[in-house]
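The values are calculated or read from the model by the stated rules, or taken from the named source; none is laboratory data. All values reported here derive from a predicted model rather than from experimental measurement. In this analysis, Cβ positions are derived from the backbone assuming ideal geometry, glycine residues included, and neighbour counts consider all displayed protein chains.
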Amino acid sequence: MAFAGKRLKGLIAATFTPMTSNSDINLAAIEQYVDYLVQKQHIRNIFVNGTTGEGMSLSVHERKSLAEEWVKQARGKMNNVIVHVGCLSLSDSKDLAAHAASCGADAISTVCPSFLKPSSLDALVLYLKEVASAAPSLPFYYYHIPRLTGITYQIYELLGKVKKNIPSFRGVKFSDVNLMDFSLCVSEYKEFDCLYGVDEQLLGALAFGAHGAVGSTYNYLGKKNGDMMAAFEEGNLLKARKIQCSLQEFLIFVFDMGWGLAEFKDIMSQVSGIPLGPSRLPLYSSMKFDHHDNIKTKMLKLDLI
Ligand SMILES: CC(=O)N[C@H](C=O)[C@@H](O)[C@H](O)[C@H](O)CO
Ligand SMILES: CC(=O)C(=O)O
């Protein structure tokens, strides 16, 4: 067991997938991306090929190439590379899980397929058990993001079932606003890592005992979120709240523009200076060049950069 006993905690950036101007994957940008996260954002854990990385829009072959490159570039610089292996096809997910183990990833995670959905919590557990069985040596995390998958089972009920069924199960990436469910996971299943995934309200999840957080904004706001977590740990709630409110104000500005993941990728390119390219269709950024100044002004005003 490569990482037996190791707990996942702290901030985990859900990476964007670098692409060329034609939306082909661009492996050459990954080394610079890793260095940026470590040096400028103090991020030492990444979650690759997930929602932010457009994993579901990539081929299995592309996902394997990306996983290999992230692992290679992160070696010696980062603590953990978690590879998302969720697909609509179980056999593709098992293939990706086995590949993640063979290329040296630290953990895997999966959403449940959401075109044909499991008809019960037991069916979901059977599904997760199959995926995990393809990489039994790797810590396995369920990725709960009901707003995108439409799969809405209570996670604390799921944890009760997987505990007995999936030996490599280590926790959940919980991307939902239901903090009561999240809190029950943390308080009833201390053996699992509960990683929060709604960046807008991380402070609320910290209050309930979140071990860490996985999110898209930690790519370019990692340091600021790190300051918030440190303030929370020191008991300086006023400071933590002030930072969370600035982060919220920034995100409200982004959402009010009607922006989402494709525009987040543009923001990351601007803030980091790394050309990450466009997103792949069906994502499509509506950000125009003259928006760049607005973003920067807003971030400076909120003391985020
Ligand atoms: C839908 C989506 O991308 N969710 C991400 C993680 O799960 C979050 O990190 C969000 O991007 C973030 O909270 C901003 O809304
Ligand atoms: C945000 C997140 O965790 C993901 O992109 O998968």
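Some values worked out for this structure:
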read-out	value
Matching option when the condition is assigned to a strand (DSSP E or B) and either within 22 Å of T17 (Cβ to Cβ) or over 20 Å from the mean Cα position of the chain (by Cα) (or both), among K190, K173	K173
Filter pass, D176 being out of contact with any Asp or Glu (no Cβ under 6 Å at 6 or more places or on another chain), within 16 Å of ligand 1 (Cβ to nearest atom), in contact (Cβ under 8 Å) with a residue 12 or more places away in the chain and within 19 Å of R7 (Cα to Cα)	no
Cβ pairs under 8 Å, 6+ apart, first in region 233-252 and in contact (Cβ under 8 Å) with a residue 12 or more places away in the chain, second among the charged types (D, E, K, R) and within 16 Å of ligand 2 (Cβ to nearest atom)	L247/D199; L247/E200; Q248/E200; L251/D199; L251/E200
Given (1) buried (at least 16 other Cβ atoms within 10 Å of the Cβ); (2) at pLDDT below 95, index of the condition A97 fails	(2)
Scan of region 202-233 for residues that are under 25 Å from G160 (Cβ atoms) and within 16 Å of ligand 2 (Cβ to nearest atom), ordered by number	A205, A210, H211, G212, A213, V214
Check on L66, within 15 Å of ligand 1 (Cβ to nearest atom), aliphatic (A, V, I, L, M) and in contact with a Gly (Cβ under 9 Å, 6 or more places away or on another chain)	no
Selected residue (criterion: surrounded by the fewest Cβ atoms within 10 Å (Cβ to Cβ)) from residues of region 12-59 that are touching a residue at least 60 places away in the same chain (Cβ under 8 Å) and over 27 Å from G226 (Cβ atoms)	S21
Helices (runs of 4 or more DSSP H) wholly inside region 100-169 that include at least 3 residues being touching a residue at least 40 places away in the same chain (Cβ under 8 Å)	121-133
